[in-house]
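A quick write-up on the structure given underneath.
The values are calculated or read from the model by the stated rules, or taken from the named source; none is laboratory data. This is a predicted model, so every value here is computed, not measured. Here the Cβ positions follow ideal geometry from the backbone for every residue, glycine too, while neighbour counts run over all protein chains shown. Quick note on the areas: whole protein, heavy atoms, side chains included, nothing else; ligands and nucleic acids left out. Shrake-Rupley method; radii C 1.70, N 1.55, O 1.52, S 1.80 Å.
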There are 2 protein chains.
Amino acid sequence: MADKTIGFIGLGVMGQSMAGHLLAAGYTVRVFNRTKQKADALVEKGAVWCGSVADLAAASDIIITIVGYPADVEEVFMGPSGILENARPGALAIDMTTSDPALAIKLWQHGQQKSIGVLDAPVSGGDIGARNASLSIMAGGEPEDFQRALPVFKIMGANVVHQGKAGSGQHTKMANQIAIAAGMIAVCESISYAKHAGLDPETVLESIGKGAAASWSLNNLGPKMIRGDDAPGFFIRHFVKDMGIALSSARDMGMKTPGLDTAYALYKQMAEQGDGIKGTQALFHLFE
Amino acid sequence: MADKTIGFIGLGVMGQSMAGHLLAAGYTVRVFNRTKQKADALVEKGAVWCGSVADLAAASDIIITIVGYPADVEEVFMGPSGILENARPGALAIDMTTSDPALAIKLWQHGQQKSIGVLDAPVSGGDIGARNASLSIMAGGEPEDFQRALPVFKIMGANVVHQGKAGSGQHTKMANQIAIAAGMIAVCESISYAKHAGLDPETVLESIGKGAAASWSLNNLGPKMIRGDDAPGFFIRHFVKDMGIALSSARDMGMKTPGLDTAYALYKQMAEQGDGIKGTQALFHLFE
């Protein structure tokens, strides 16, 4: 491997699993996280703790970030102690946060000026996908940067696709979240209808879960809705963040999105009333 | 087989395949259809043409209907020349039309008075499911009537589920259509977003078609939307009919259905502007 050292910034549930796979594959992995404690398990397995983003960036061939919000991405990349000021020319920086496509393009442009390659490569598949290295990775950026990153992506994901130029990874993730958004309303309405009609909703899923009404949400989140299990696979507050980016991006492109609008309004209402840390299936409570 | 003669009313694309399977399985099949010509192929294979619903009903152990609208169902069952006036006591009548749950309950009640069993058993799976005998059949009515019908259902379908008392089959089909309705908006918005963002939407489907955004609609109708292929698998005008029944039923139960409302309004607009005979994927044109 030409790239021996990977810097990994952002050790949430996803990042810890992903960095762990890279370590297990034999890379030197340098890690940084705002809360140092979250690096402990990885450091025990051989990861190298870095005291700052600047230190990490300066010492890495490839730098991966998976942090919280676009503002965090911008700070980690563009701040004075950030990646683009401190990485070596020829380094490759990959943002795997679900973030703003316009910001991804800006980071790529600034990277160009510093001879630092930048890819946007958000993922889907959640904590289970990260743990099992079965993530879907949707990447945007230069073809040669994508080829360089591919061995690393393949260690973390099972479905790795180059979607096009800078920003395309984030746009693809937005298309993913948009396909989920109004679909969640459909699932809630369907199960709520079944309950209102006096049917056994689990038996209804036996009839409707395999045909034209089938969806990942219906078959995986539907049973949780029926059981009243709000435990998060994917947090409402994160979904609200993603839909907010998608809406803003869709408006910039002059699109009408009645389904996304409705889903965003309902989920935002839930987040504002304190349900942001519940799983997205908790939307069902609004339909009961 | 205790029931030897099956009367089959309604020889559209679905009904022709379904009656053909019963004939091939060795039943005596008596057929009636408003347009006689549609019975020709079945009569050639040995089906017996009946000049009226009354004649058919009087001569059949089991009577199956799959006609157009609830008004047609009501006429065929309740009219003076209809099934309930003319079938023998002990006969079993099964409506497989997608129809109104309240009407299904009414037919069952009237059947009780005549000692005629009545099941509501709408299907999903479309013309292909009918042809391959792989339909999902969702049935409502008395358990003993369901058991009696089961051998016949199994000849036509692959996923046969008794959902409960009279009306439960129709309610389950409504839950199916509701799960599709807002889901179609989600798919249109997602693919439209991908196109607006300058992505290749088929490549986007490679990334998003297998994970949390996956749905039958995304993976089967999405590619048709991308190609501009409006050929009907399921007619918009039939979907408008079904959603109209679902909406009316949901309102009777005091439910809020923002996703279904939006889908119904958009599809109704398409039907009114002459697109009723296009496939449901043609909704995409409103999002281009």
- prompt: What dipole magnitude, in Debye to the nearest 20, does the protein assembly as shown give about its Cα centre under +1 on Lys/Arg Cβ and -1 on Asp/Glu Cβ?
  reply: 480
- request: Identify, among B:169, B:205, B:117, the residue whose Cα sits farthest towards the positive end of the charge dipole of chain B, taking +1 on the Cβ of Lys and Arg and -1 on the Cβ of Asp and Glu, with the dipole about the Cα centre.
  value: B:117
field: Surrounding net charge for residue A:207, when Lys and Arg each add one and Asp and Glu each subtract one, Cβ distance under 14 Å
entry: -2
query: Where in segment B:13-65 are there trypsin sites (Lys or Arg not before Pro) that are in a DSSP coil and have at most 13 other Cβ atoms within 10 angstrom of their Cβ?
result: B:34, B:45
- prompt: So for the protein assembly as shown, taking the charge dipole from beta-carbon charges (+1 Lys/Arg, -1 Asp/Glu), which of B:93, B:260, A:246 sits furthest toward the positive end?
  reply: B:93
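Taking only protein heavy atoms into account and a 1.4 Å probe, give the accessible area per residue of chain A in Å².
In whole numbers, chain A has 38 Å² accessible per residue.
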query: Using a 1.4 angstrom probe and counting only protein chains, how large is the accessible area of residue A:110 in Å², to 10?
result: 70
- request: Determine the shape class of segment A:171-287: with a ≥ b ≥ c the square roots of the Cα gyration tensor eigenvalues, call it rounded for a/c under 1.5, and otherwise prolate if a/b is greater than b/c, oblate otherwise.
  value: prolate
query: What gaps in nm, shortest first, separate residue B:72 from its twins in the other copies when you place the label 7 Å past Cα toward the beta carbon?
result: 5.7
field: At 1.567 mPa s and 4 °C, Stokes D of the protein assembly as shown from Kirkwood alpha-carbon radius, µm² per second
entry: 50
- prompt: So what does residue A:203 come to for accessible area, using a 1.4 Å probe and Å² rounded to 10?
  reply: 30
message: How big is the dipole moment of chain B about its Cα centre under a simple scheme where the beta carbon of each Lys and Arg is +1, that of each Asp and Glu is -1, and everything else is neutral? Debye, nearest 20, please.
response: 300
- line: The correct pairing of chain A residue and whole-Å distance, for the Cβ nearest the axis that maps A onto B, is A:215, 2
- prompt: Cβ under 13 Å from residue B:26's Cβ, residue B:26 left aside: what net charge do those residues give with Lys, Arg +1 and Asp, Glu -1?
  reply: +1
Residue-averaged 222 nm ellipticity for chain B, from DSSP H runs of 4+ at -39500 (n - 2.57), nearest 500: -15000 deg cm²/dmol
field: Sorted largest first, extent of segment B:61-158 alpha carbons per principal axis (Å)
entry: 35, 27, 20
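Size of the dipole of segment B:1-124 about the Cα centre, Lys and Arg at +1 and Asp and Glu at -1 on the beta carbon, nothing else charged, in debye to 20?
240
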query: With Cβ to Cβ distances under 13 Å as the rule, what net charge do the other residues near residue A:226 carry (K, R +1; D, E -1)?
result: -3
- line: For residue B:195, counting only aspartates and glutamates whose alpha-carbon sits under 15 Å away and dropping same-chain residues fewer than eight positions off, the answer is A:252, B:206, B:288
Relative contact order [Cα under 8 Å, 6+ residues apart], chain A, whole percent: 13
task: Could you sort out which of A:106/B:256; A:106/B:278; A:36/A:154; B:173/B:224; A:224/B:210; B:165/B:210 sit more than 32 Å apart by Cα distance in this structure?
output: A:106/B:256; A:106/B:278; B:165/B:210
query: In peptide B:257-265, how many Cβ atoms from other protein chains are near each Cβ within 10 Å, on average?
result: 6
- request: Identify, among A:231, B:19, A:141, the residue whose Cα sits farthest towards the positive end of the charge dipole of the protein assembly as shown, taking +1 on the Cβ of Lys and Arg and -1 on the Cβ of Asp and Glu, with the dipole about the Cα centre.
  value: B:19
field: segment A:1-126, accessible surface, carbon-and-sulfur percent (1.4 angstrom probe)
entry: 51
- request: Taking a label point 7 Å out from Cα toward Cβ, give me the nm distances from residue B:158 to the same spot in the other copies, shortest first, one decimal.
  value: 2.2
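Hey, with R₀ at 51 Å, roughly what FRET efficiency would residue A:248 and residue B:128 work out to, going by the Cβ-Cβ distance, to 0.05?
Values: r = 41 Å, r/R0 = 0.80.
In this case the efficiency is close to 0.80.
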